[in-house]
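Computed from the coordinates by the stated procedures, all read-outs in this text should not be read as laboratory data. Source: prediction; values computed, not measured. Heads up, the Cβs are rebuilt from the backbone with ideal geometry, glycines too, and the neighbour counts pull from every protein chain shown.
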Amino acid sequence: MASSGSALVATAKNDSNGLLTWAVSLFASAYLAWLGISLYYSTPIFLKMYASIGAELPLATRLLYSFRWFYPLLFLGAIAVVIAKQFNVREKWRNLAITFGVFAVMEALSNAMVHALYAPLLDLMEKLAK
């Protein structure tokens, strides 16, 4: 009887850990989905704005626009990793570390994308300030 009681306590602890990792994974997935969608739809807006003012686009911005079709694959791939590891990684801290690692890499990558989108505008502002 005592062993079954301790097994129930251990199961309850594992369920609460699973709940935490699922909550963090779902939050990270929702944020990554929002980030990918907003970048996907804002990229053409930037290009139209630059075309209307006649700004020359740097290589990074042109590449970003040329490979815009890759955004959904990139962000859905990151979401798939975050969700798939829920079924394969049982240790709570390793599970959370993978989630935060994917989150940090995608956040840094999206910040680089945003910087590439704003680069022509910043260059234009610098030229106008001279």
³J(HN,Hα) computed for each position of the stretch 77-89 - Karplus, 6.51 cos²θ - 1.76 cosθ + 1.60, integer Hz, glycine/proline x
x, 5, 5, 4, 5, 4, 6, 5, 5, 4, 8, 10, 10
Counting other Cβ atoms within 10 Å, which chymotrypsin sites (Phe, Trp or Tyr not before Pro) in the stretch 13-91 have at most 14 and lie in a DSSP loop?
F67, W69
With the 8 Å Cα cutoff and a minimum separation of six or more residues, the stretch 37-130 has a relative contact order in percent of 44 percent
Assuming R0 = 30 Å, can you tell me the calculated FRET efficiency for the pair A55 and L76, based on Cβ-Cβ distance, to the nearest 0.05?
0.45
Estimated [θ] at 222 nm from DSSP helical runs (n ≥ 4, -39500 (n - 2.57)) normalised by residues in the chain, nearest 500
-32500 deg cm²/dmol
Note down the nm distance, to one decimal, between modelled labels 7 Å out along Cα→Cβ at S42 and at K127.
2.4 nm
Could you tell me whether the stretch 64-111 comes out rounded, prolate or oblate from its Cα gyration tensor? Rule is a ≥ b ≥ c as square roots of the eigenvalues, rounded for a/c under 1.5, then prolate if a/b exceeds b/c, otherwise oblate.
oblate
